[in-house]
Amino acid sequence: MEKRLSAWLAFALIFVLAACGGNNGASSGGGASPGASPDGSDNPVEKVTIEYWHTYSDSEEKVLIEQIKPMFESEYPNIELKLTRMPYEGLKDQVIAAVAGDAAPDLMRMDIIWVPELASKGALKKLSGLPGFDEIKSAVFDGPMQTNIFEGDYYGVPLNTNTKIAIYHADTLKEAGLEQAPATIDELVQAARSLKAQGKQGIGISSIGAWGVLPYFWSLGGKVTSDDYTQVDGYLNSADSIEALQQIVSWNDEGLVIPALLGGEPGSWDGLKSGQYLMIDDGPWFFSILLGDAENTFNPLERTVRAPFPAGRGGSVSVVGGENLVTFANSKHPEEAWTFMRWMLGKEPQSIMVEAGMVPTNREAAQEIDSSRNPYIGPFIEQLDTALPRTPIPQWGEMETILNLSLEKAIRGELTAADALNEAVKQMNAILAP
């Protein structure tokens, strides 16, 4: 306990000192001509090296090294980009220790759910108001952008994104009497009921936690918090939210939901490939995995129908995933870091990372993806327009644990939907209390 307290005291002290210093908080942002002096004089600036921590895979890192780095350094010859690949396991603790020890990098590709938490600790630099920030904000999808909010300001920019859509087995869809994907939840439920007599399931909620359930919960009209993410009481336990969860519970009780929801067999993709499941939900990565597997005999392009989630009272809503790009409050080179961040969110760099399987956050880059080379990506781009973040607040990690347990209790029949959500609200209020 004493060691933990000492570490956080050191952490706090560093940010007090950082806040008092003039260097770290006064970044004017990037955008100057390559090699030009910040004051506009003809005196060349000294070359600066900025370190970038990332968690890209082998194929993604290859594009970063061979295309992104040389292109950026060609445009900004006064800035050298040092790339450091980090293991994801234990990375958040390593970042916190690096910040406390004044050894953090200038830039980092960070899990979206970490941003509000680290911003609340003073670890990240506020980007709102920096030159060019508003242009970035208007150029990217809103859902991914919202994952960078803390107390009304932004502490990162959305680097790459993903979401989930509905994926249907083409043959099973025809067995259900449909020629195309259901447009509404009512149509999906009707199709699921028509398949029940054959021992098949139609509603593909693939896991019991927030990532699995929220797209259906939101589409049915449920809410987790107020629009500003500050209140759960009256939202998570509202009449609309209780009705949404009760609807999901009733589907499962009726045998319409795939067994994978509660950890049963077959797994989501196995059940879809066999035709037992009409529909599952998933992200774009499984298509690249299946298409790249020489032993796989199931062609997901030919044998599935991809579409946004069927719409309910709340619309067609999915959940946002992905990574954000941040700079740290005690970065030694805040102006150069912001220069790279602005550049990396541009159309061309975002388009290049598509080659590595990334879904761009820049709308223009996303809309110009070559569908002949990426034939499955279109519905994911469409779904991003209505995808929502998983409550971008520092307490979300604790709140998600509570929500997941409450969802499970309701779906397993241990509590009514109302009791489960009221219990969750009571526990979350204790976490959110000042």
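The values are calculated or read from the model by the stated rules, or taken from the named source; none is laboratory data. Nothing here was measured: the structure is a model prediction, and the numbers come from that model. Here Cβ is always computed from backbone atoms with ideal geometry, including for glycine, and neighbour counts include all displayed protein chains. Heavy atoms of the whole protein, side chains included, go into the accessibility calculation; ligands, DNA and RNA do not. Shrake-Rupley method; radii C 1.70, N 1.55, O 1.52, S 1.80 Å.
Details
- Remark: spin-label model distance residue 367-residue 47 equals 4.0 nm, labels positioned 7 Å along the Cα→Cβ axis.
- Where Rh is the Kirkwood radius over Cα pairs, Rg/Rh for the range 251-343: 1.16
- Computed from the C-beta positions of residue 97 and residue 412 and an R0 of 45 Å, the FRET efficiency is 0.70 to the nearest 0.05.
- Dimensions of the range 200-300 based on its C-alpha atoms, expressed as ranges along the principal axes with the largest first, amount to 51, 31, 18 Å.
- In the chain, helical runs assigned H by DSSP with n ≥ 4 each contribute -39500 (n - 2.57); averaged across all residues and rounded to the nearest 500, the mean residue ellipticity at 222 nm is -12000 deg cm²/dmol.
- At an R0 of 45 angstrom, the distance between the Cβ atoms of residue 228 and residue 303 translates into a FRET efficiency of 0.55.
- Residue of 189, 257, 213 that the Gaussian network model of the chain assigns the largest fluctuation, springs spanning Cα pairs under 10 Å: 189
- Selection from 359, 59, 246, by position along the positive dipole direction of the chain (Cβ): 246
- Pair residue 71, residue 175: separation of 7 Å Cα→Cβ label points (nm): 4.5
- Angle in degrees between helix 2-20 and the longest Cα principal axis of the chain, rounded to the nearest 10: 60
- Antiparallel DSSP beta bridges within the chain, as percent of all bridges there, nearest 5: 65
- Folded to 0 to 90 degrees: helix 239-254 orientation relative to the chain principal axis, Cα: 50
- Long pairs among 126/164; 92/223; 47/332; 125/332; 223/273; 69/332, criterion Cα-Cα beyond 23 Å: 126/164; 92/223; 223/273
- Dipole check for the chain: with +1 at the C-beta of Lys and Arg, -1 at the C-beta of Asp and Glu, and the Cα centre as origin, the magnitude is about 460 Debye.
- Measuring nothing but protein heavy atoms, the accessible surface of the chain at 1.4 Å probe radius is 49 percent carbon and sulfur.
- Against the main long axis of the alpha-carbon atoms of the chain, helix 396-411 sits at an angle near 0°.
- Cβ-Cβ FRET estimate between residue 55 and residue 183, R0 fixed at 35 Å, reported to 0.05: 0.40
- Accessible area per residue in Å² at 1.4 Å probe, computed on the range 91-249: 36
- Electrostatic tally near residue 170: other residues with Cβ closer than 11 Å to its Cβ, Lys and Arg +1, Asp and Glu -1, net -1.
- The modelled label-to-label distance between residue 253 and residue 405, using points 7 Å beyond Cα along the C-beta direction, is 2.4 nm.
- Descending semi-axes in whole angstrom, ellipsoid equivalent of the chain, from the Cα gyration tensor: 41, 27, 17
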